[in-house]
Every structure is written in structure tokens, then in C-alpha cells.
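A quick write-up on the structure given underneath.
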Amino acid sequence: MCGRFAVPDADGIIDVFNIRVVTTRIDPSWDVRPTQQIGIVVEDATAAERDGREPVRELRAARWGLVPSWTKTLDKRMLLINARSETVISKPSFRSAARLRRALIPASGYYEWAHNPDGTKTPFFLHAPDSPIIGLAGLFEWWKVPDGIELSGVEDGWLCSATIITRPAVDSLGHIHDRMPVVVPQDMHDAWLDPEVTDGDQVDALLHSIPDPALVPVPRAPK
């Protein structure tokens, strides 16, 4: 699971992800929580078609907690902040986004809480020591907001929301939590965001070809 993460400086994000268009301001934060606005890197063919243009690499805002396009009302109990890599291609909430709306979510690292024998929990910040910015594999979706619902971040009646894909934790981190985000290495950013890759089997193969990351856990609570 990934329920809290940190966001780096926007200038670094633009360079690392080769962003061409910035449609939102991203402020650095050491404590990003579900339902907050986050930055996502996309090549959005859906929005491009709607706007009559070609998709470009852009940094845009999204609500953390994916809202499926077919949802009739926003149920706060249905907080889809994570999607399992094992079922993301088949699960109705995610399968369309997995084929058509993949994203990279810029992060400095993320937090997990290890359970101690005495019942207490120790917070850890997991990060890549050789890379101050990593890209978490994500999905995004567009939801047409029904009349009468007031939400922040709505553009022309549409809400963009996102989820982070998780996988079983590598052995070196499994003692902290049994799952971890999928971290996309920089040389696979283009492949993950490619809007031409829309076949479910291809996406599944791409997802499972992403190598294990080299992350280091540091005992630290969100600031």
C-alpha cells in the first residue's frame, strides 16, 4: 500500500520527466495525503481528442483517489488510492484507465509504518538514494461531475483523479510492509506513457517488466 508520499520541487520534475506543458502548479510537500491534489505526468489522448489536438507530455493536477468514469455519485468510502498490479488489467474500476490513461506520479519517496512487537508503529520514508525524484506508476480517470456536487480541481465540469499502482514488496522491504508502489525507471517513462499502447496484454507485460527498485528505508515521520 502507499497512503502517504512526498513531492519534490517542480523544476526538478519538469527536467526528469521531459515535460512540455505545465497545466498546474505543484508545490513541494513532505506529507501528501489521499483526496489532496497531486501532480501527474501524462500524455492524455482522451483530453487531446476532446480539445482537437495531439497528446503532449504534460504535468497536470489530479485528485488522489481514482473515481471511475461510470460512478454515479462520489462515495467517500470508495477511496481508490491504490491499484494492485496483479489485477489492474481486469478489475472494472481500473481496466479502462490501464489501457488508455496511464500516468507517472512524481515523488521524492513514500511512507510506510512498520508494526512492532509491542503494538507500536515505526514510520519509514522509502526513497532512492541515487535519485531525488522517482516516478510512481499510476492511472488517471476523468469523471463528469453531476450537477449539485461541489469539488475543488474541477475543469469545465470534469474531475481528473488518479491512483498509484502497487506490487508485492521486494524482500529487503517486506518487513516494513508487504506491498510497495511500482517505481518506473527513467528509461521506461516513454514506454509507460505511450498512448499508442492500448492492448491489455501489452500493458500487463509492460507493467510486469518493470524491475524492482533500489529503495532505502529511513526512520522518519511525515513533516
Checklist entry - segment 95-187: D in µm²/s via Stokes-Einstein (Kirkwood Rh, Cα pairs, 10 °C, 1.306 mPa s)? => result 101
Checklist entry - Using a basic spin-label model with each label point 7 Å from the Cα along Cα→Cβ, how many nm lie between Glu155 and Ala221? => result 3.7
Checklist entry - Can you pull the accessible area of Glu112 for me, 1.4 Å probe, Å² to the nearest 10? => result 20
Checklist entry - Can you pull the accessible area of Glu196 for me, 1.4 Å probe, Å² to the nearest 10? => result 150
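Given 0.36 nm per residue, what is the gain on full extension from Arg53 to Asp171 after removing their alpha carbon distance, in nm? Provide the component values of the computation, followed by the final result.
Working: separation 118, 0.36 × 118 = 42.48 nm, distance 4.47 nm.
So the chain would gain 38.0 nm between Arg53 and Asp171.
If one computes P(r) from the Cα atoms of the chain, what percent of pairs lie at distances over 27 Å? Intermediate results must be reported in sequence, preceding the final value.
Details: 7158 of 24753 pairs.
Beyond 27 Å sits 29 percent of the P(r) for the chain.
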Checklist entry - Which whole-Hz couplings ³J(HN,Hα) result when phi for each residue of segment 11-21 is put into the Karplus expression 6.51 cos²θ - 1.76 cosθ + 1.60, θ = phi - 60°, listed in order with x for Gly and Pro? => result 4, x, 4, 4, 6, 5, 9, 6, 7, 9, 10
Checklist outcome for this item: Computed over segment 21-135, the relative contact order (Cα-Cα under 8 Å, seq sep at least six) in percent reads 22
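Can you sort Val197, Val42, Val154 by solvent-accessible area, 1.4 Å probe, largest first? Working shown, then result.
Details: Val197 30, Val42 0, Val154 55 Å².
From most accessible down to least: Val154, Val197, Val42.
Could you order Lys91, Lys223 by accessible surface area, starting with the largest, using a probe radius of 1.4 Å? Intermediate results must be reported in sequence, preceding the final value.
Working: Lys91 95, Lys223 155 Å².
Highest to lowest solvent-accessible surface, that is Lys223, Lys91.
Per the helix-only calculation at 222 nm, which mean residue ellipticity applies to the chain, given -39500 (n - 2.57) for every DSSP H run of n ≥ 4 and division by its residues, nearest 500 deg cm²/dmol? Spell out each step's value before the answer.
Details: 5 runs with 35 residues, N = 223.
Helix contribution divided over all residues of the chain: -4000 deg cm²/dmol.
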Checklist entry - If you find the alpha carbon centre of segment 139-160 and of segment 6-75, how far apart are they in angstrom? => result 13
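At a threshold of 8 angstrom on Cα-Cα distance, excluding pairs fewer than six apart, so keeping six or more, what relative contact order does the chain reach in percent? Intermediate results must be reported in sequence, preceding the final value.
Values: 487 pairs, mean separation 54.1, N = 223.
Result for the chain is 24 percent.
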Next on the checklist: What are the extents of the Cα atoms of segment 1-126 along their three principal axes, in Å, largest first?
Outcome noted: 59, 36, 26
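The values are calculated or read from the model by the stated rules, or taken from the named source; none is laboratory data. Being a predicted model, the structure only gives us computed values, none of them experimental. When we count neighbours, we look across all protein chains shown, and the Cβ atoms used for this are built from the backbone with ideal geometry, even at glycine. To get the accessible areas, we keep the full protein, side chains included, count just its heavy atoms, and leave off ligands, DNA and RNA. Shrake-Rupley method; radii C 1.70, N 1.55, O 1.52, S 1.80 Å.
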